[in-house]
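Q: First the structure, which I've put down as structure tokens, then a few questions once you've had a look.
The values are calculated or read from the model by the stated rules, or taken from the named source; none is laboratory data. Computed from a predicted model, the values in this text were never measured in an experiment. Counting neighbours? That spans all protein chains shown, and the Cβs are built from the backbone with ideal geometry, glycine included. Accessible surface is based on the protein model in full, side chains and every heavy atom, while ligands, DNA and RNA are left aside. Shrake-Rupley method; radii C 1.70, N 1.55, O 1.52, S 1.80 Å.
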Amino acid sequence: MKYNVAVISGDGIGPEIVEEAKKVLSKVEQVFGHTFAYEPVLMGGASIDVHGVPLTDEAIAVCQSKDAVLMGSIGGNTATSPWYQLPPEKRPEAGLLKLRKALNLFANLRPAYLYEELKEACPLKDEIIGEGFDMVIMRELTGGLYFGERKTIEEHGVRKAYDSLTYDEKEIRRIAKRGFEIAMKRRKKVTSVDKANVLDSSRLWRTIVEEVAEDYPEVSYEHMLVDNCAMQLVKNPGQFDVILTENMFGDILSDEASMVTGSIGMLSSASLNETKFGLYEPSGGSAPDIAGQNIANPIATILSAAMMLRYSFDLDQEADAVENAVKQVLKDGYRTIDIMSEDCTQVKTSQMGDLIAERIHK
Ligand code: IPM
Ligand code: MN
């Protein structure tokens, strides 16, 4: 079958890591007899440089016309890049937020899994790692603080800034359902994370999650305050199966969860709407400090491409083949610099892509 994919390489290490994901996908084409047709789309700094804005309406339309979007990363060094001299709505990140909203990508899935082979890279003590961990963060992606009203004003000579955190029950219900549904396919446990001891939005979140939970009697669920969750992630990460949370908490907790797996360069993500359409990107950023050196870890992007095969194209066997190839390459002792450990062979970005592609088979 033929699948149409918009490709946003983006900024920093984006183009390098996306190239490797395409390399692996082209092996999937050969082995399984599919066709992936790509159309490049500019977003972030790359779009600012050409069009003066981080995302054009034409770019959104191209993404909408495809089966899925594969993305690298966007943004530059916030201290030195001229992109950050622009007003906030013209900076690279604004493009990503606009795209998430325009495509209604409200459900962001970020799996955090500790590979046996990467235990060395995990900063936690052996007794905390225990049997390892395998969780997925289900982050609400189109509401909350990210999309609430905001402004900066001056009142009697004093500068003042507002950001508002709003959720309605429909927004909470649809993400909660997604969280419980994914839990049904896993270990059937949901930890809903909020700050209900302080925030009204969190109290509504809790109420709605409880209502949704009634439809999933097989799933055990608990509520956890976000500050406690931050602590539990480094105290006992093995307790989590599905973490269900709002936009801002999910942003912070997913970086933390990624770090306990050893490297943010390993973490994939999928942003989904109500249909099969999705945007797939590594959880990490554009890492401008290492861009262009062929040393970035492409695995998160390759695993994001595997998620695209699974969630948007229903190609489970092909997705398994990619995930198994990643496991095999780690077993075979190949590492990029971020996950390097003793007795392993250090490889460049492009070599990692070759080695994973070689290991794709039926
Ligand atoms: C992420 C990123 C984005 C976010 C930024 C780039 C706007 O940190 O995908 O986690 O905060 O959502
Ligand atoms: Mn983030």
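Q: Give 314, 320 a once-over and let me know the one that is more than 20 Å from residue 108 (Cα to Cα), out of contact with any His (no Cβ under 8 Å at 6 or more places or on another chain) and either more than 16 Å from ligand 2 (Cβ to nearest atom) or among the hydrophobic types (A, V, I, L, M, F, W, C) (or both).
A: Values: 314 fails: more than 20 Å from residue 108 (Cα to Cα).
After applying the criteria, what remains is 320.
Q: Can you spot a residue in the stretch 335-342 that is in contact with an Asp or Glu (Cβ under 9 Å, 6 or more places away or on another chain), within 22 Å of residue 139 (Cα to Cα) and either within 12 Å of ligand 1 (Cβ to nearest atom) or not in a helix (DSSP H, G or I) (or both)?
A: The answer is no; no qualifying residue exists.
Q: Criterion first (modelled with pLDDT under 95 and of a type outside the set (Lys, Arg)) does residue 263 satisfy it?
A: On the way: modelled with pLDDT under 95: yes; of a type outside the set (Lys, Arg): yes.
Criteria met by residue 263.
Q: Mind telling me which of the residues 226, 242, 234 ends up being at pLDDT 95 or above and more than 22 Å from residue 106 (Cα to Cα)? Write out each step before concluding.
A: Details: 226 fails: more than 22 Å from residue 106 (Cα to Cα); 242 fails: more than 22 Å from residue 106 (Cα to Cα).
Within the list 226, 242, 234, the selection yields 234.
Q: Oh, and also: Condition first: within 12 Å of ligand 1 (Cβ to nearest atom), touching a residue at least 60 places away in the same chain (Cβ under 8 Å), small (Gly, Ala, Ser) and open to solvent by 10 Å² or more (accessible area, probe 1.4 Å). Can you find one or more residues in the stretch 269-284 that meet it?
A: There is at least one residue in the stretch 269-284 that is within 12 Å of ligand 1 (Cβ to nearest atom), touching a residue at least 60 places away in the same chain (Cβ under 8 Å), small (Gly, Ala, Ser) and open to solvent by 10 Å² or more (accessible area, probe 1.4 Å).
Q: Out of 154, 181, report the one residue that is out of contact with any Pro (no Cβ under 7 Å at 6 or more places or on another chain), modelled with pLDDT of 95 or more and not in a helix (DSSP H, G or I). Step through it out loud before you land on a result.
A: Values: 181 fails: not in a helix (DSSP H, G or I).
When all the criteria are applied, what remains is 154.
Q: State all residues of the stretch 207-228 that are under 17 Å from residue 250 (Cα atoms), open to solvent by less than 70 Å² (accessible area, probe 1.4 Å) and out of contact with any strand residue (DSSP E or B) (no Cβ under 6 Å at 6 or more places or on another chain); if no residue qualifies, say none. Step through it out loud before you land on a result.
A: Going residue by residue through the stretch 207-228, those that are under 17 Å from residue 250 (Cα atoms) are 209, 222-228.
Subsequent filtering for residues that are open to solvent by less than 70 Å² (accessible area, probe 1.4 Å) retains 209, 222-226, 228.
If the condition is that a residue be under 17 Å from residue 250 (Cα atoms), open to solvent by less than 70 Å² (accessible area, probe 1.4 Å) and out of contact with any strand residue (DSSP E or B) (no Cβ under 6 Å at 6 or more places or on another chain), then 225, 228 are the ones that fit.
Q: A further question on this structure: Checking residue 350 against (1) over 13 Å from residue 21 (Cβ atoms); (2) open to solvent by 20 Å² or more (accessible area, probe 1.4 Å); (3) not in a loop (DSSP other than H, G, I, E, B), only one condition comes out false. Which one?
A: (1)
Q: Could you list all residues from the stretch 77-89 that are over 21 Å from residue 290 (Cα atoms) and assigned to a helix (DSSP H, G or I)?
A: Residues of the stretch 77-89 that are over 21 Å from residue 290 (Cα atoms), as a first pass: 85-89.
Scanning the stretch 77-89 gives 85, 88, 89.
Q: State the number of residues belonging to the stretch 155-172 that are under 25 Å from residue 220 (Cβ atoms) and surrounded by 14 or more Cβ atoms within 10 Å (Cβ to Cβ).
A: 3
Q: Now for a different question. Identify all residues within the stretch 114-149 that are within 16 Å of ligand 2 (Cβ to nearest atom) and open to solvent by 60 Å² or more (accessible area, probe 1.4 Å); write none if there are none.
A: 147 - this is the single residue of the stretch 114-149 that is within 16 Å of ligand 2 (Cβ to nearest atom) and open to solvent by 60 Å² or more (accessible area, probe 1.4 Å).
Q: Checking the structure you have, find out if any residue of the stretch 267-278 is in contact with an Asp or Glu (Cβ under 7 Å, 6 or more places away or on another chain) and within 15 Å of ligand 2 (Cβ to nearest atom).
A: So far as the stretch 267-278 goes, yes, one or more of its residues are in contact with an Asp or Glu (Cβ under 7 Å, 6 or more places away or on another chain) and within 15 Å of ligand 2 (Cβ to nearest atom).
Q: Considering only the stretch 244-253, how many residues are crowded, with 24+ Cβ neighbours inside 10 Å and within 9 Å of ligand 2 (Cβ to nearest atom)?
A: Summing the residues that are crowded, with 24+ Cβ neighbours inside 10 Å and within 9 Å of ligand 2 (Cβ to nearest atom) in the stretch 244-253 gives 1.
Q: If we keep just the residues of the stretch 3-62 that are part of a strand (DSSP E or B) and without any contact (Cβ under 8 Å) to a residue 40 or more places away in the chain, which is farthest from the chain's Cα centre (by Cα)?
A: Going through the stretch 3-62, the residues part of a strand (DSSP E or B) turn out to be 3-10, 35-40.
Checking the rest, the ones that are also without any contact (Cβ under 8 Å) to a residue 40 or more places away in the chain come to 35-40.
Working: 35: 25, 36: 22, 37: 23, 38: 21, 39: 21, 40: 20 Å.
Ranking the qualifying residues of the stretch 3-62, first place goes to 35.
Q: Every residue in the stretch 11-28 that is farther than 15 Å from residue 315 by Cβ, open to solvent by 20 Å² or more (accessible area, probe 1.4 Å) and not charged (D, E, K, R), please.
A: Here is the first cut: in the stretch 11-28, the residues farther than 15 Å from residue 315 by Cβ are 11-20, 22-23.
With open to solvent by 20 Å² or more (accessible area, probe 1.4 Å) added as a condition, the list becomes 12, 15-16, 19, 22-23.
12, 15 - these are the residues of the stretch 11-28 that are farther than 15 Å from residue 315 by Cβ, open to solvent by 20 Å² or more (accessible area, probe 1.4 Å) and not charged (D, E, K, R).
Q: Return the pairs, sorted by first residue and then second, in which the second residue is of a type in the set (Asp, Glu) and surrounded by fewer than 21 Cβ atoms within 10 Å (Cβ to Cβ), the first residue lies in the stretch 71-88 and is farther than 12 Å from residue 54 by Cβ, the beta carbons are less than 9 Å apart, and the residues are 6+ apart or on different chains.
A: Qualifying pairs under 9 Å: 72/19; 77/289.
Q: For residues that are hydroxyl-bearing (Ser, Thr, Tyr) and farther than 23 Å from residue 174 by Cα, tally how many sit in the stretch 251-280.
A: 3
Q: When residues of the stretch 90-119 are filtered for being part of a helix (DSSP H, G or I) and within 13 Å of ligand 1 (Cβ to nearest atom), how many remain? So that I can check it myself, show each step before the final result.
A: If we filter the stretch 90-119 for residues that are part of a helix (DSSP H, G or I), which is where we start, we get 90, 92-102, 116-119.
Then drop every residue that is not within 13 Å of ligand 1 (Cβ to nearest atom), which leaves 92-101.
So the count comes out to 10.
Q: Of everything in the stretch 310-326 that's touching a residue at least 40 places away in the same chain (Cβ under 8 Å) and surrounded by 14 or more Cβ atoms within 10 Å (Cβ to Cβ), which residue is nearest to residue 68 (Cα to Cα)? Give the derivation first.
A: Of all residues in the stretch 310-326, those touching a residue at least 40 places away in the same chain (Cβ under 8 Å) come to 311-313, 315, 317-318, 321-322, 325.
Those left that are additionally surrounded by 14 or more Cβ atoms within 10 Å (Cβ to Cβ): 311-313, 315, 318, 321-322, 325.
Working: 311: 10, 312: 7, 313: 9, 315: 13, 318: 16, 321: 20, 322: 18, 325: 22 Å.
In this case the residue turns out to be 312.
Q: Let me ask something else about it. Just need a number here: residues in the stretch 70-96 that are open to solvent by less than 40 Å² (accessible area, probe 1.4 Å) and closer than 18 Å to residue 269 by Cβ.
A: Narrowing the stretch 70-96 to residues open to solvent by less than 40 Å² (accessible area, probe 1.4 Å): 70-76, 81, 84, 92, 94-96.
Then drop every residue that is not closer than 18 Å to residue 269 by Cβ, which leaves 70-75, 92, 95-96.
Residues flagged as open to solvent by less than 40 Å² (accessible area, probe 1.4 Å) and closer than 18 Å to residue 269 by Cβ within the stretch 70-96 amount to 9.
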